[in-house]
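See structure below.
The values are calculated or read from the model by the stated rules, or taken from the named source; none is laboratory data. Since the model is a prediction, treat every value here as computed from it, not as a measurement. Cβ coordinates were reconstructed from backbone atoms using ideal geometry, including for glycine residues, and neighbour counts include every protein chain displayed. All accessible areas refer to the heavy atoms of the entire protein, side chains included, with ligands and DNA or RNA removed. Shrake-Rupley method; radii C 1.70, N 1.55, O 1.52, S 1.80 Å.
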Amino acid sequence: MDTAQLVGKATDIRRDILTMITEAGSGHPGGSLSCTDILTALYFGGVLDYDPADPQRTGRDRFILAKGHAAPALYATLAHAGYFSIDELASLRKLGTRLQGHPDSNLVPGVEVSTGSLGQGLSVAAGLAAGLRLSGEAGCVFTVLGDGECEEGQVWEAAMFAAHQKLGRLVAIIDNNELQIDGCIHDVCDPGDLGEKFAAFGWRVARVDGHDVSALVDMLSALKAEAVDTAAPVAVIAKTVKGKGVSFMENEAGWHGKAPKPEELETALAELAAAAE
């Protein structure tokens, strides 16, 4: 896809995120909207090697959504990528659905690992990268973490392990929107400069505008092309806006885990449509 098509795809995904959360009456719109462009770049920008017809194909790239509460963004992305019908998104969080509040790898094709308990995703991703090296299998491992999630101690245990093991095929993307459920990350438990912190743990660090799809594709593609097992892992600090694309949600911590009302959905969809013109 070219840049215009990628931007259009991201808009479609945002529309689906808002619609399914409103239909469910619960969910996490803020952090789902902030990571939408990152997922769009990965899945539709030619970065990830994946096959919806064979989700477990040997040699594929792996993607782990460490911030599992942003499941609506992942579900919409997977549906648009062809893993299951877009119509199924309307079943989010309903009784008997496989599209639960957090992604379940036993139920949803394309979900590599069940996630949702914050802090564990990077450990899983590091383990996958180590396993690929041991088995001699091709493929890179990409994971998206929340910046609030980086307050969890397990993140830094995994960071230390990954650097020590030189897991050069591991790319951790930090959705750096600076908000979490209780407010600004710098007020709740200030992590400082996350790039400097990952660098201190022995990681290579890159920074990017997390809403510039073209820049994301270029950077992530380059990192994948140069990925080798003897290098340090990479942390990409992606500057984002919580609630991106909807004016009344942007930079508002209150939209971390609150569903829009029908009239709010109508306003949000109209904004997305106007921005796409």
query: What is the residue count in segment 143-165 for residues that are in contact with a helix residue (DSSP H, G or I) (Cβ under 9 Å, 6 or more places away or on another chain) and under 16 Å from Asp229 (Cβ atoms)?
result: 4
task: Could you tell me whether Gln165 is open to solvent by 20 Å² or more (accessible area, probe 1.4 Å), more than 20 Å from Ile21 (Cα to Cα) and at pLDDT 95 or above?
output: yes
message: Contact list please: Cβ distance under 6 Å, first residue in segment 1-30 and more than 16 Å from Leu272 (Cβ to Cβ), second residue hydroxyl-bearing (Ser, Thr, Tyr), pairs at least six apart or on different chains.
response: Thr3/Ser214
- prompt: Could you say whether any residue in segment 170-182 is of a type outside the set (Ser, Thr, Tyr), over 16 Å from the mean Cα position of the chain (by Cα) and surrounded by 17 or more Cβ atoms within 10 Å (Cβ to Cβ)?
  reply: no
- line: Within segment 59-81, the residues that are in contact with a Gly (Cβ under 6 Å, 6 or more places away or on another chain) and either outside any loop (DSSP other than H, G, I, E, B) or surrounded by fewer than 17 Cβ atoms within 10 Å (Cβ to Cβ) (or both) are Gly59, Ile64, Gly68, Ala70, Pro72, Leu78
message: Of everything in segment 117-160, what is free of Cβ contacts under 8 Å to residues at least 60 places away in the same chain, open to solvent by 50 Å² or more (accessible area, probe 1.4 Å) and touching a Leu at 6+ places or on another chain (Cβ under 8 Å)? Give them in sequence order.
response: Glu152, Gln154
- prompt: What number goes with the only condition from (1) within 13 Å of the chain's Cα centre (by Cα); (2) over 23 Å from Cys184 (Cβ atoms) that Asp37 does not pass?
  reply: (2)
statement: Among the residues of segment 82-101, the number that are without any contact (Cβ under 8 Å) to a residue 60 or more places away in the chain and either among the basic types (Lys, Arg) or touching a Gly at 6+ places or on another chain (Cβ under 7 Å) (or both) is 2
- request: Among the residues of segment 24-58, count how many are over 24 Å from Ser214 (Cα atoms), in a loop (DSSP other than H, G, I, E, B) and open to solvent by 20 Å² or more (accessible area, probe 1.4 Å).
  value: 9
task: Scan Ala259, Ala231, Ala235 and give me the residue that is in contact with a Gly (Cβ under 8 Å, 6 or more places away or on another chain), buried (at least 17 other Cβ atoms within 10 Å of the Cβ) and assigned to a loop (DSSP other than H, G, I, E, B).
output: Ala259
Complete set of residues in segment 198-222 that are in contact (Cβ under 8 Å) with a residue 40 or more places away in the chain, surrounded by fewer than 22 Cβ atoms within 10 Å (Cβ to Cβ) and not in a loop (DSSP other than H, G, I, E, B): Ser214, Val217, Ser221
- prompt: Can you name the residue in segment 218-242 that is under 22 Å from Asp193 (Cα atoms) and of a type outside the set (A, V, I, L, M) and is also farthest from the chain's Cα centre (by Cα) among such residues?
  reply: Pro233
